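Heads up: the structure comes next, in structure tokens.
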């Protein structure tokens, strides 16, 4: 009887793992404030930004070490000048390592031109790009453009531009979650709080993940908590897609004194994802943001030790997407 019960339990567990929750899609979706993977389970992003656009082999080889720290997501820093075949190599490797690939285009950082934003959506809508990315859409997130919109973009202009860009993506056939950065060089959360729900409603798939970046505009730790709680109260699906820390008491090129511990602790409490900037390879002006030493692409810096090994760091709080386990059990 004991053996029979054990066997029955095993069969039940395998069935539970391999069969998606009722109503789940075969790709990422958002449900109120939650990001839901293809198994139907909530997924909380704990990843890093990795500079594939500028360091081809080093960044590719670093994926193994990123997986070693327990990261469940890689934000793939990319540009439209990159080869589609090389991007596929990166996306495929992330999936092999059971990390969710989030592709983002860095071409229009700080631009206020709606036409340039639509150019980014148009790149994703190219036949060769669509054919490649949609093969991996079960595990894929697409971040249309890094930090489009500087401090002069109004919430209305942000909503109008991204509504059009998202529609271009949907018309091209993408069904998975689309990630949209805040304006104000990624740091202005107010358009999210004002129009986030409307942008989601405007999307034919109602499947948007909002991404705010935290540097010098977030030097007040109370504001970090207040604004993230406000987003959570509105049930907005949100991540902190980039963030820095208090380097040299704010005497740095970004004027950043953001309290990274407050960011990570608050995200953990609210079950919001976060992705610190960045694995390594920053120029001399930004090298204080290297998570690992640029000489070997794997030894944590002081900053890296915090975001990797801190109490609310990646290693302690990251959980892999259940969709990888469910997919393997089917084959």
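The values are calculated or read from the model by the stated rules, or taken from the named source; none is laboratory data. All values derive from a computational prediction rather than experimental measurement. Counting neighbours? That spans all protein chains shown, and the Cβs are built from the backbone with ideal geometry, glycine included.
Scan segment 216-232 residue by residue and report those that are touching a strand residue (DSSP E or B) at 6+ places or on another chain (Cβ under 9 Å) and farther than 20 Å from residue 195 by Cα.
Restricting attention to segment 216-232, the residues satisfying the condition of being touching a strand residue (DSSP E or B) at 6+ places or on another chain (Cβ under 9 Å) are 218, 224, 227-228, 231-232.
Hit for segment 216-232 is 218, nothing else.
Going residue by residue through segment 133-141, is there one that turns out to be free of Cβ contacts under 8 Å to residues at least 40 places away in the same chain and either under 18 Å from the mean Cα position of the chain (by Cα) or not in a loop (DSSP other than H, G, I, E, B) (or both)?
Within segment 133-141, none of the residues are free of Cβ contacts under 8 Å to residues at least 40 places away in the same chain and either under 18 Å from the mean Cα position of the chain (by Cα) or not in a loop (DSSP other than H, G, I, E, B) (or both).
Which residues, taken from segment 41-59, are more than 17 Å from residue 274 (Cβ to Cβ), in contact (Cβ under 8 Å) with a residue 40 or more places away in the chain and not in a helix (DSSP H, G or I)?
Selection gives 41, 51, 53, 54, 55.
Among residues belonging to segment 319-329 that are surrounded by fewer than 19 Cβ atoms within 10 Å (Cβ to Cβ) and out of contact with any helix residue (DSSP H, G or I) (no Cβ under 8 Å at 6 or more places or on another chain), point out the one that is modelled with the highest pLDDT.
Only one residue tops the list, namely 319.
Is there a residue being surrounded by 16 or more Cβ atoms within 10 Å (Cβ to Cβ) and under 30 Å from residue 247 (Cα atoms) anywhere in segment 151-161?
Among the residues of segment 151-161, at least one is surrounded by 16 or more Cβ atoms within 10 Å (Cβ to Cβ) and under 30 Å from residue 247 (Cα atoms), which makes the answer yes.
Here is a check on your reading of the model: is residue 130 in a helix (DSSP H, G or I), touching a residue at least 12 places away in the same chain (Cβ under 8 Å) and in contact with a helix residue (DSSP H, G or I) (Cβ under 6 Å, 6 or more places away or on another chain)?
Taking the combined requirement at face value, the residue does not satisfy it.
For segment 60-116, how many residues meet the condition of being under 28 Å from residue 155 (Cα atoms) and either touching a residue at least 12 places away in the same chain (Cβ under 8 Å) or assigned to a strand (DSSP E or B) (or both)?
19
Among the residues of segment 142-165, write down those that are in contact with a strand residue (DSSP E or B) (Cβ under 7 Å, 6 or more places away or on another chain) and without any contact (Cβ under 8 Å) to a residue 60 or more places away in the chain.
Selection gives 142, 144, 145, 148, 162.
Enumerate the pairs (first residue in segment 240-256 and at positive phi and in contact (Cβ under 8 Å) with a residue 12 or more places away in the chain; second residue anywhere and surrounded by fewer than 19 Cβ atoms within 10 Å (Cβ to Cβ) and part of a loop (DSSP other than H, G, I, E, B)) with beta-carbon separation below 8 Å, excluding pairs fewer than 6 apart on the same chain, so at least 6 apart or on different chains.
250/219; 255/219
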